[in-house]
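The structure under discussion appears below in the form of structure tokens.
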Amino acid sequence: MVWTSHPVKQITGTLRAPGDKSCSHRALILGGLAKGTSEISGLLEGEDVLNTGRVMAALGADVERLGEGAWRVTGVGEGGLRSPSVDLDFGNSGTGSRLMLGVVAGYPVEARFIGDESLSGRPMGRVLDPLTEMGARYDASEGKRLPLTLQGRSDLSAISYEPPHASAQVKSCILFAGLNAEGETQVREPRITRDHSERMLRGFGAEVKSQRDGAANIVSIHGGQSLAAQETMVPGDPSSAAFLAAAAMISPRGGVVVEGMMSNETRDGFYRAAALMGAHVGAEDVGSAAGERLIDMSFESADLKGAEIPVDLVPSMIDEFPILAVLAAFATGTTVVKGAAELRVKESDRIKAVVAMLRVNGVEVEETEDGFIVQGCSGAVPGGGLAETHHDHRIAMSARVMGTASQKPVSIDDAAMIATSYPDFMEHMRVLGADFQQGAS
Ligand code: S3P
């Protein structure tokens, strides 16, 4: 169904950040493996995370919702996972499916992994290859894609692996398999990626070693460790908050505070890039949760300037390029994104989708192999276009934010998939003053 975001004069208010998606998946997974009963608060109840909860239940964990964001998970503990009697359906979620391939690989369990059209088109070889090296077997659709059946085993061998892509999903998959492998499993990532698996594994009592070597990061885990149930409070999601932040920055009168956000250098690239472009970003420490620092962040209208985004920032803002492109469209001057070829295999080909979203709304943009170049409109983004979302929640949210400050309204072909990661997005944006209407403008 088509939705339209109409320009508004101001975006203001204070909101609590929704629970972090990456941490929510991991809290359900580790709670489901641990011995005993874990309590989780602040869980993101997006479709992707709910699917991970259903999958853990199908594999033998007891997963129960107590109230809004409050969940109780009794893990399988030493008894281990059981073969599910149903297909494991991950919907739209690359994270859920890739992390769970690593988990299932370490148990003598056979499971069929399925997902929606977008997920069934995404590459799984990046995790199936190392898991095969460890001893797991699979039968996959063409191009090592879903649907696929994985045969795990209780005697996986540890490996030392250097992923060809900077990917937290690949790292986490191997670490989760390594938890049940014989010996020490090591992942050597060329550039550090989000480290929530390492932090949360430690929180559940496992020993995980991390060592930095320049930009590189070496993580190792011994097999045969058991996890103990935990109380986990999920911190706020910096990737979801980026949409609220950008809406404030491009608004003629913007002033937004987002409370309870996770502050982690493997996730804050968008905020550092926005600061490079001239945004004023305030941060105040407010404690910690799930082994992560928490901050309240404030954002306001800004005279943004185009910038060359440092390649070093790419892994820490890998999900934020669609919304960064919106900032670039409003900025004065040229913004260059490169070294981001991974965007081609996200929920959509995000380089193509971003370029099309900007172009149809009158912004000059060039597609490159590993990024894009945007000629900023100095605040005057024409708008008036219908952006194709390609089942991609972050394209849909970015286009909606763009429409809050463009000259003419911006439409999207579908908004339903926003519920995979940020079910309260529409309500939150309306609280801040956005005007979203059903139908074309
Ligand atoms: C995630 C890792 C990233 C990111 C995704 C969440 C995670 O994917 O894009 O939204 O929770 O581990 P890659 O590992 O493919 O970069």
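None of the figures in this text is laboratory data; all of them are computed from the coordinates on show. Since this is a predicted model, take the numbers as computed values, not measurements. Backbone-built Cβ (ideal geometry, glycine too); neighbour counts: all protein chains shown.
Identify the GluC sites (Glu not before Pro) of region 174-238 meeting these criteria: DSSP loop state and at most 13 other C-beta atoms within 10 Å of the C-beta. Hits after loop and neighbour filter: Glu207.
How do the peptides 118-124, 247-253 rank, highest first, by the average count of neighbouring beta carbon atoms within 10 Å per residue?
Numbers: 118-124: 19.6, 247-253: 23.3.
Final packing ranking: 247-253, 118-124.
Each principal axis of the Cα cloud of region 194-273 was taken in turn, and the coordinate range along them, longest first, works out to 56, 34, 11 Å. Say the cut-off is 24 Å between C-alpha atoms; which of Lys9/Lys408; Lys21/Lys346; Lys305/Lys338; Lys21/Lys338; Lys21/Lys171 go over it? Over 24 Å apart, Cα to Cα: Lys21/Lys338.
The fraction of Cα-Cα pairs per 10 angstrom bin, counted from 0 for region 181-317, comes to 11, 33, 31, 17, 6, 1 percent, rounded to whole percents. When Thr332, Thr420 are sorted by how many other C-beta atoms sit within 10 angstrom of their C-beta, beginning with the fewest, the order is Thr332, Thr420.
Computed over region 246-304, the percent of Cα pairs more than 17 Å apart is 38. The reciprocal of the average 1/r between distinct C-alpha atoms defines the Kirkwood hydrodynamic radius, which for region 128-216 equals 13.9 Å. What separates the Cα centres of region 185-256 and region 1-48 is a distance of 15 Å. With one equal scatterer per alpha carbon and no solvent term, the Debye-computed log10 I(q)/I(0) for region 213-260 at 0.32 1/Å reads -1.14. For Ser167, the amide hydrogen comes within under 5 Å of no other amide hydrogen, counting only partners 5 or more places away or on other chains and with H modelled in the peptide plane.
Scanning the chain for DSSP H helices at least 30 Å long along the axis (C-alpha atoms) with a Kyte-Doolittle mean no lower than -0.5 picks out nothing. For Thr14, the residues whose modelled amide H falls within less than 5 Å of its own, excluding neighbours fewer than 5 places apart on the same chain, are Val257.
Ordering Ile295, Ile395 by the number of other Cβ atoms within 10 Å of each residue's own Cβ, fewest first, gives Ile295, Ile395. Note on region 350-441: the C-alpha convex hull projects to 5.8 nm² when averaged across all orientations. Amide H contacts for Thr332 (H built 1.01 Å from N in the peptide plane; partners 5 or more residues away or on another chain; cut-off under 5 Å): Leu304, Lys305, Gly306, Ser378. Calculated over region 1-146, the projected area of the Cα convex hull averaged across directions stands at 11.5 nm².
At a temperature of 10 °C and a viscosity of 1.306 mPa s, determine how fast region 68-193 diffuses translationally according to Stokes-Einstein, using the Kirkwood radius over alpha-carbon pairs as Rh; express D in µm²/s, rounded to the nearest whole number. Estimated via Stokes-Einstein, D reaches 107 µm²/s.
Placing pseudo-labels 7 Å out from each Cα toward the beta carbon at Asp413 and Arg112 gives an inter-label distance of 3.0 nm.
In percent, rounded to a whole number, the relative contact order of the chain is 19, using alpha-carbon pairs under 8 Å and six or more apart. Charge tally for Val104 (other residues, Cβ to Cβ under 12 Å; Lys, Arg +1; Asp, Glu -1): +4.
Counted residue by residue at 0.36 nm each, then reduced by the alpha carbon distance between them, the extension gain from Glu207 to Thr332 reaches 40.2 nm. Would you report the distance distribution of C-alpha pairs in the chain as whole percents per 20 angstrom bin, up to the bin with the largest distance? In whole percents, the pair-distance histogram is 27, 57, 15, 0.
Of all DSSP-defined beta bridges confined to the chain, some 75% are antiparallel rather than parallel. Here is the size of region 166-234 from its Cα atoms: Rg then Dmax, 11.8, 34 Å.
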